[in-house]
Amino acid sequence: MKYFAVIGHPVAHSRSPIIHQAFAKQFGHEITYARLHAAPGGFADVLAAFQAAGGHGVNVTLPFKLDAYAICSEVSDRAKSAAAVNTIAFSKRGLIGDNTDGLGLVDDLSGRLGLKLEGLSVLICGAGGATRGVIAPLFEAGCRHIRVVNRDVQKAKQLCIDINNVPHHGALDACSYSDLQTLKSGRGFDVLGFDVLINATSAGLAGQRLDVPDVMFAKSRLAYDMVYAAKPTVFMEQAMQAGCADSSDGLGMLVGQAAHAYALWHGVMPQTAPVYKDLRAAIDGQ
Ligand code: ATR
């Protein structure tokens, strides 16, 4: 028996235990996977107690991904680029940290949604931790250009500076929502349209639409919301009403990031499609 957990605040809603148990079933592995709540400032203590009790590894969710990054003795380049860790393996060498969020997104885009990412241009709305986690893996998967749009444009520019400090292939830049409106009316729009639009903001949680021109949705192949829900999210509705070709929520990304965490801990990559299907049915049926 091996022991795993997800640490967060809040954590009661986390689907990670269900997903990891479904993966374990595919291989006949015996695992336990708990939800561990930590109060703000209490991440390190909860982590240490779980390790001392014989734990093998943890996933880390909001708001502790930065704490997890700071506490690890070794981190992957992906985690370095994100400055955030969502998966920790306990090893003799210490705490080994990785960030599998972006891999989960890339797998969902290129697998379930059938997109070839080579050469694509991507617009990511939002410049918080969710955006930081996915940029390096999108470039590794072949994306050519990523633009980050944010209300606070300084935050988006800083994010680009930080990420550009780690070598990557591709062009990364930042702009404001009003810049998007200018682009729309400018002569460069045909060149500056985006193949994929990604929502990494929390605007939808407050029921708010993003100030992205309709024509950008209409010209793109896919609008992807990192949030998942039983019904189409505000961003998905906005995209489809504006004539976007396709839209998706982030449930597949959730399953994908869990699959890569599973592979790091167990050395085998589980199948995501059947787990996604069951989870989708369970969530939509609620
Ligand atoms: P996370 O770590 O999950 O990415 P975060 O760091 O709190 O969360 O970032 C939330 C993001 O959502 C920010 O980019 C925020 O934009 P600002 O930095 O300009 O505040 C964005 N956001 C939240 N509400 C928004 C709204 N109504 N419209 C546009 N962006 C919004």
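Evaluating Ile19 against the criteria (1) over 25 Å from Pro167 (Cβ atoms); (2) β-branched (Val, Ile, Thr); (3) out of contact with any helix residue (DSSP H, G or I) (no Cβ under 7 Å at 6 or more places or on another chain) leaves one unmet condition, (3). Of all the criteria given as (1) within 21 Å of Phe64 (Cβ to Cβ); (2) surrounded by 19 or more Cβ atoms within 10 Å (Cβ to Cβ); (3) within 13 Å of the ligand (Cβ to nearest atom), the one not satisfied by Val149 is (1).
When the test is whether a residue is away from the ligand (no atom under 16 Å from the Cβ), in contact with a His (Cβ under 7 Å, 6 or more places away or on another chain) and not assigned by TED's automatic domain parsing to the domain that holds Ala261, Phe90 does not pass it.
I'd like the residue in the range 192-222 that is within 15 Å of the ligand (Cβ to nearest atom) and in contact with a strand residue (DSSP E or B) (Cβ under 6 Å, 6 or more places away or on another chain) and, out of all such residues, is farthest from Glu118 (Cα to Cα). Here the answer is Leu210. For residues that are modelled with pLDDT under 95 and of a type in the set (Lys, Arg), scanning just the range 168-210, find the one that is surrounded by the most Cβ atoms within 10 Å (Cβ to Cβ). Ranking the candidates gives Lys184 first. For the range 109-132, the condition of being closer than 21 Å to Leu264 by Cα, modelled with pLDDT of 95 or more and of a type in the set (Asp, Glu) holds for none of the residues.
Residue-wise test of (1) touching a residue at least 24 places away in the same chain (Cβ under 8 Å); (2) within 14 Å of the ligand (Cβ to nearest atom); (3) more than 21 Å from Ser176 (Cα to Cα); (4) part of a helix (DSSP H, G or I).
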position	(1), (2), (3), (4)
Ile96	yes, no, yes, no
Val106	yes, no, yes, yes
Val122	yes, no, no, no
Pro137	yes, no, yes, yes
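Cβ separations smaller than 6 Å between residues 6+ apart or across chains give the following pairs from the range 239-261 residues that are crowded, with 24+ Cβ neighbours inside 10 Å to residues that are of a type in the set (Lys, Arg): Gly252/Arg112.
The values are calculated or read from the model by the stated rules, or taken from the named source; none is laboratory data. Everything numeric in this text was worked out from a predicted model, so none of it was measured. Please note: Cβ atoms are built from the backbone with ideal geometry, for glycine as well, and neighbour counts cover all protein chains shown.
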